[in-house]
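Trainee: Handing you this structure, nothing more for now.
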Amino acid sequence: WTKIGTKYAGGGFIGKTAVLAESVGRDPRNFGGKNLIAALARGTCAATTPAEPRKCAGKGNYTYATSVFSQSLGIIAQVRAGETAAAKQPVTYLKSLRDPSTGGWPSLIGEPSDVEVDSTAMAAMTLDLLPDADSKAAVDRALVWLADQQLPDGGFPGASGNSVNSAALAVQGLSLDSGKYGAEIAKARKFLASQQNKDGGFSVSKGGQAGSDVRASAQAVGGATGISFGVLTRDMSGTTPQPVPSVSGQP
């Protein structure tokens, strides 16, 4: 799934898998038989690739990381693994994507894209891991912008409308300064609760298609806890490790 070992190894895929490993106490340098942290270092672009614009949009972009979400996951994985120096250029690139007029981040990399809640929350969680003043200031400004996007019912706008995903991510972002944004967080959680269905799952968006959605339900848990992906941990003691997936293995 990460495409490690192929020319299409994706920084976002690798970063997401590494953050999963780190969050459950596994070794991201030996997860599924792969060194995910080394793969992120190898996949950090040295320059733009004009002939293959989706591969490297700029120096510090991870290969085939075409969204702020993907770029952020790679940085979180490296920083959590103690590779802050290796993450320096990816961090610089992430900061370069910020909209100077709002302090928010767009969704896509390498093509025009509007500033949006999900990506801004994700970038804020990422930069909050760093100790420098510039990163802290960027987080503070991002949270101001996030709070300003809250809708009257407590929700937040996303690609699907008044979105459960966006509200949950906004809570995770605003929880970086819960003392300042406690009222907004409480209002957003009330919105999330209103979107929970009888089966325990959550709808994609208010007024959207009825029924529970796996992705929205998983993200709603993040909003309920408010824990940043940068510090998320879960104790997997007592569970049985699953076999390493294989593309040739039988189901």
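The values are calculated or read from the model by the stated rules, or taken from the named source; none is laboratory data. A quick note: this is a predicted structure, and the numbers were derived from the prediction, not measured. Here Cβ is always computed from backbone atoms with ideal geometry, including for glycine, and neighbour counts include all displayed protein chains.
Trainee: Hey, residue 4 hits all of (1) closer than 25 Å to residue 241 by Cα; (2) under 19 Å from the mean Cα position of the chain (by Cα) but one; which does it fall short on?
Mentor: Every condition holds for residue 4 apart from (2).
Trainee: Being touching a helix residue (DSSP H, G or I) at 6+ places or on another chain (Cβ under 6 Å), crowded, with 20+ Cβ neighbours inside 10 Å, on the phi < 0 side of the Ramachandran plot and of a type in the set (Ser, Thr, Tyr), is that true of even one residue in the stretch 123-132?
Mentor: Looking for residues that are touching a helix residue (DSSP H, G or I) at 6+ places or on another chain (Cβ under 6 Å), crowded, with 20+ Cβ neighbours inside 10 Å, on the phi < 0 side of the Ramachandran plot and of a type in the set (Ser, Thr, Tyr), one finds at least one in the stretch 123-132, hence yes.
Trainee: Next up: Suppose we keep only residues that are part of a loop (DSSP other than H, G, I, E, B), at pLDDT 95 or above and not hydrophobic (A, V, I, L, M, F, W, C) within the stretch 30-49. Which one would you say is surrounded by the most Cβ atoms within 10 Å (Cβ to Cβ)?
Mentor: Of all residues in the stretch 30-49, those part of a loop (DSSP other than H, G, I, E, B) come to 30, 32-33, 35, 43, 45-49.
From the residues that got through so far, the ones that are at pLDDT 95 or above too are 30, 35, 43, 45-49.
The next check asks that each one be not hydrophobic (A, V, I, L, M, F, W, C); those that pass are 30, 35, 43, 48-49.
Working: 30: 12, 35: 16, 43: 26, 48: 15, 49: 15.
Step by step, filter the stretch 30-49, then rank; the result is 43.
Trainee: Of all the residues that make up the stretch 7-29, how many are on the phi > 0 side of the Ramachandran plot and not in a loop (DSSP other than H, G, I, E, B)?
Mentor: 0
Trainee: Quick one: which helices (runs of 4 or more DSSP H) lie wholly within the stretch 118-236 and hold at least 3 residues that are within 22 Å of residue 18 (Cα to Cα)? Break it down into steps so the answer makes sense when it comes.
Mentor: On the way: elements: 133-148, 164-174, 182-194, 214-225.
Correct list: 164-174, 214-225.
Listed here are the residues, each with its yes/no results for (1) under 30 Å from residue 240 (Cβ atoms); (2) touching a Leu at 6+ places or on another chain (Cβ under 7 Å).
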{"residue": "36", "(1), (2)": "yes, no"}
{"residue": "47", "(1), (2)": "no, no"}
{"residue": "54", "(1), (2)": "no, no"}
{"residue": "58", "(1), (2)": "no, no"}
{"residue": "62", "(1), (2)": "no, yes"}
{"residue": "73", "(1), (2)": "yes, no"}
{"residue": "77", "(1), (2)": "yes, yes"}
{"residue": "80", "(1), (2)": "yes, no"}
{"residue": "87", "(1), (2)": "no, no"}
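Trainee: Restricting the first residue to the stretch 3-31 and requiring it to be over 23 Å from residue 45 (Cα atoms), which pairs with a second residue that is crowded, with 21+ Cβ neighbours inside 10 Å and not small (Gly, Ala, Ser) meet a Cβ separation below 6 Å and a spacing of at least six or different chains?
Mentor: Hits for this filter: 21/28; 22/28; 22/80.
Trainee: If you don't mind, there's one more thing I want to ask. Count, please, the residues in the stretch 80-114 that happen to be among the β-branched types (Val, Ile, Thr), crowded, with 20+ Cβ neighbours inside 10 Å and farther than 17 Å from residue 45 by Cα.
Mentor: Residues flagged as among the β-branched types (Val, Ile, Thr), crowded, with 20+ Cβ neighbours inside 10 Å and farther than 17 Å from residue 45 by Cα within the stretch 80-114 amount to 0.
Trainee: So which of 178, 163, 135 ends up being buried (at least 20 other Cβ atoms within 10 Å of the Cβ), out of contact with any Cys (no Cβ under 9 Å at 6 or more places or on another chain) and touching a residue at least 24 places away in the same chain (Cβ under 8 Å)?
Mentor: Exactly one of 178, 163, 135 is buried (at least 20 other Cβ atoms within 10 Å of the Cβ), out of contact with any Cys (no Cβ under 9 Å at 6 or more places or on another chain) and touching a residue at least 24 places away in the same chain (Cβ under 8 Å), namely 163.
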